[in-house]
Amino acid sequence: MVVGEMPESVDFLVVGGGPGGYAAALAAAQLGRQVVLVDGDGLDGLGGTCLRVGCIPSKALIEFAEHRHQGAAWRTRQVVEGDSTISLKQFQSWKDGVVADLNRGVRGLLKAEGVAVRQGRFRFTRSDQGVLSRSEEEPPEHLRFKSCVIATGSRPATLDVLPFDGHRVLSSTDILAATEPPRSLVVVGGGYIGVELGVAYAKLGTAVTLVEAEERLLPALPAEAGTAVAATLEQLGASVILSARVSGDRAGTLHLEQRATAIELPCDRILVAVGRTTNTDDLGIEALGVGLSDRGVLQVGADLMLTDNVAAVGDVTPGPALAHKATAQARVAAANLSGSKDLYSPRATPEIVFSDPEVAQTGVTEAQALAVGIDVERAAFPVAGSGKARVLGARSGHAEWLIARDTQVVIGATIIGPRASELIAEATLAIEMSATLEDLTLSSHPHPTMSEVLHEAAAVGLGEPLHVPRTPR
Ligand code: FAD
Ligand code: NAD
């Protein structure tokens, strides 16, 4: 150590202010720890990717696009007259207000718990120490911590043949800030972001083409999910190109290869949504004496501990990159760094694609169950059998329970249809509590609501449905 590097002692350090980081800071403060949270963007960074350029802005855009789309649908039904649509520019200023409001909320929560927030990028230099760099001009601060949570999250992954330029080749962050819908948009990547934003922009009147490397959209989810979303995209006039990869972009034309056939796609804008890269490359992680996976993920187990005094949460950990996962892990990490022996090992983590129809999955899929030798039964009810779905104008989709044949306990669920994003919480609770189909049918589900599809799917499994014909089990 050289003179001027005298470290300041910090009891509990949190690196990153996203849903993993700010939740870890709050949980640690509630356990009586003196917490300092550092984020590259300081107070403005609170809420992280999720609040600033992820979950909230994308769901706001999806609601806006749906509102526009529904407005048009009601006008064709001649129920609404005239056109009082607001522009994407007006939407952006409203959305920025929502984000700023929520950011202020997080600031208030941290202040109330006595968490100090500092601006700067943190880098480990020793197993219990690191430097916080604010800017080129200011000298870095040296911080020595008793406990530390790494919650540095992730950023959009890039394609070598299609680098982001913020003008033609856009990341999700860029397109979520757009004030004019492009005339034509090619979305490269048919996963969560590609499908959510592709459907939204198609509803805003953009000519959308989705390009996916695998054989179907949403390849990580059950096959029916991709098929259902592809059908909506087709109705919206969008195109889907599967099993294709980008080879280059020249003179306003995107070049693809699909099973050794060249395709040329002239377009105004390109959204690249091919996954996320973890923010672990510039953290000095080697100073902790641990390694990264080749995908830059921190290799933690269910206790989330990386070393005796450092834990990791959120997108930097193995498994899905989801805000609710990060937040749930935050409590476990704060507890384990404060003397508890807790585990993050949910039976079910809901995964939702806010597309049209909405797709939600929780617990295990049939393929995952079969891979570990669990014999399963399926019990499904079609959305078309729901009165509420018809009121909402939906006819396609289904709710399905996956049941372990020997115990008759529910272990998974998939919902495709309206409000799937809300309904999946009941399915997750049922799995966590080892509910049986009988438990589910004995619980009253209000009418007319979409929740009835879960009740009816359970009744199908018991061979006693009321709203679809009985079939032998
Ligand atoms: P982040 O939210 O990424 O926060 C990390 C923070 O760390 C940032 O503020 C960053 O500035 C800071 N940081 C990074 N490195 C350093 C450093 N060295 N020093 C100091 N600070 C640092 N998830 C859902 O569950 N539901 C959704 O609907 C959803 N929609 C999404 C839509 C989009 C378009 C995107 C991109 C993501 C979406 N996600 C969604 C994923 C969700 O945003 C992430 O899983 C979540 O934000 C991860 O939280 P985190 O705390 O791990 O990291
Ligand atoms: P993703 O992993 O969901 O999907 C990326 C898709 O791109 C995959 O289908 C993949 O096969 C495809 N792909 C990869 N390389 C390609 C190429 N060269 N050409 C064409 N296709 C290619 O990633 P994403 O959509 O960028 O989202 C990142 C993560 O953010 C998600 O995995 C999810 O964890 C999170 N997220 C969650 C939500 C939500 O919870 N609703 C919404 C958005 C993002």
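Readers should treat all values here as calculations from the given coordinates under stated rules, not as data from a laboratory. Computed from a prediction, not measured in an experiment: that's the story for all the values here. FYI the Cβ positions are ideal-geometry reconstructions off the backbone, even for glycines, and counts take in every protein chain you see.
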>> Testing the spin-label approximation: label points 7 Å from Cα along Cα→Cβ at residue 308 and residue 260. State their distance in nm.
In response: 6.0
>> Given the DSSP H assignment, sum -39500 (n - 2.57) over each helix run of at least 4 residues in the chain and divide by its residue total; what's the result at 222 nm in deg cm²/dmol, nearest 500?
In response: -9500 deg cm²/dmol
> Can you pull the percent of Cα pairs in the chain with separation above 27 Å?
Replying inline: 61
> What's the extension gain from residue 347 to residue 102 if we count 0.36 nm per residue and subtract their Cα-Cα distance?
Replying inline: 85.2 nm
>> In whole Hz and in residue order, list the ³J(HN,Hα) couplings for the stretch 228-239 that follow from phi through the Karplus curve 6.51 cos²θ - 1.76 cosθ + 1.60, θ = phi - 60°; x for Gly and Pro.
In response: 5, 5, 4, 5, 5, 4, 4, 4, 7, x, 8, 10
> By how many degrees, between 0 and 90 and to the nearest 10, does the Cα long axis of helix 55-76 differ from the longest principal axis of the chain?
Replying inline: 20
> For the chain, with the dipole built from +1 on Lys and Arg beta-carbon atoms and -1 on Asp and Glu ones, taken about the Cα centre, which of 31, 416, 91 lies farthest toward the positive end?
Replying inline: 91
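Within the stretch 285-344, which trypsin sites (Lys or Arg not before Pro) sit in a loop by DSSP and count at most 16 neighbouring Cβ atoms inside 10 Å?
295, 341
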>> So, R0 is 30 Å and r is the distance between the beta-carbons of residue 282 and residue 183; what FRET efficiency does that work out to, to 0.05?
In response: 0.20
>> Compute the helix-to-body angle for 88-112: its Cα long axis versus the longest principal axis of the chain, expressed 0 to 90° and rounded to tens.
In response: 50
> Any idea how far apart residue 390 and residue 462 come out in nm if each label point goes 7 Å out from Cα toward Cβ?
Replying inline: 2.4
> Nearest 10 degrees, 0 to 90: what angle lies between the long axis of helix 323-336 and the longest principal axis of the chain (Cα atoms)?
Replying inline: 40
> Using the Karplus equation 6.51 cos²θ - 1.76 cosθ + 1.60 (θ = phi - 60°), what ³J(HN,Hα) coupling, rounded to whole Hz, does each residue of the stretch 435-451 give in order, writing x for Gly and Pro?
Replying inline: 5, 9, 4, 5, 3, 5, 6, 6, 8, 6, 10, x, 10, x, 9, 5, 4
> By per-residue mean of other Cβ atoms within 10 Å, what is the highest-first order of 375-381, 66-72?
Replying inline: 375-381, 66-72
>> Please compute the length gained on full extension between residue 409 and residue 173, using 0.36 nm multiplied by the number of residues separating them and subtracting their Cα-Cα distance.
In response: 80.8 nm
>> Can you say what percent of the DSSP beta bridges in the chain, counting only those with both residues inside, are antiparallel? Round to 5.
In response: 60
> Which of 182, 394, 127 sits farthest toward the positive end of the charge dipole of the chain, with +1 on the Cβ of Lys and Arg and -1 on the Cβ of Asp and Glu?
Replying inline: 394
> For the stretch 255-351, with the dipole built from +1 on Lys and Arg beta-carbon atoms and -1 on Asp and Glu ones, taken about the Cα centre, which of 298, 316, 333 lies farthest toward the positive end?
Replying inline: 333
> So which cysteines in the chain don't have a second cysteine's C-beta under 4.7 Å from them?
Replying inline: 148, 267
> Ordered by residue, what ³J(HN,Hα) values in Hz, to whole numbers, does the stretch 18-29 give under the Karplus form 6.51 cos²θ - 1.76 cosθ + 1.60, where θ = phi - 60° and Gly and Pro are x?
Replying inline: x, x, x, x, 5, 5, 5, 5, 5, 5, 5, 4
>> For residue 419, what residues show an amide H to amide H distance below 5 Å, using hydrogens built from the backbone and excluding near sequence neighbours?
In response: 358
> According to a simple spin-label model (label point 7 Å from Cα along Cα-to-Cβ), what is the distance in nm between residue 9 and residue 161?
Replying inline: 5.7
>> Multiplying the sequence separation of residue 119 and residue 34 by 0.36 nm and subtracting their Cα-Cα distance, what value in nm do you get?
In response: 28.9 nm
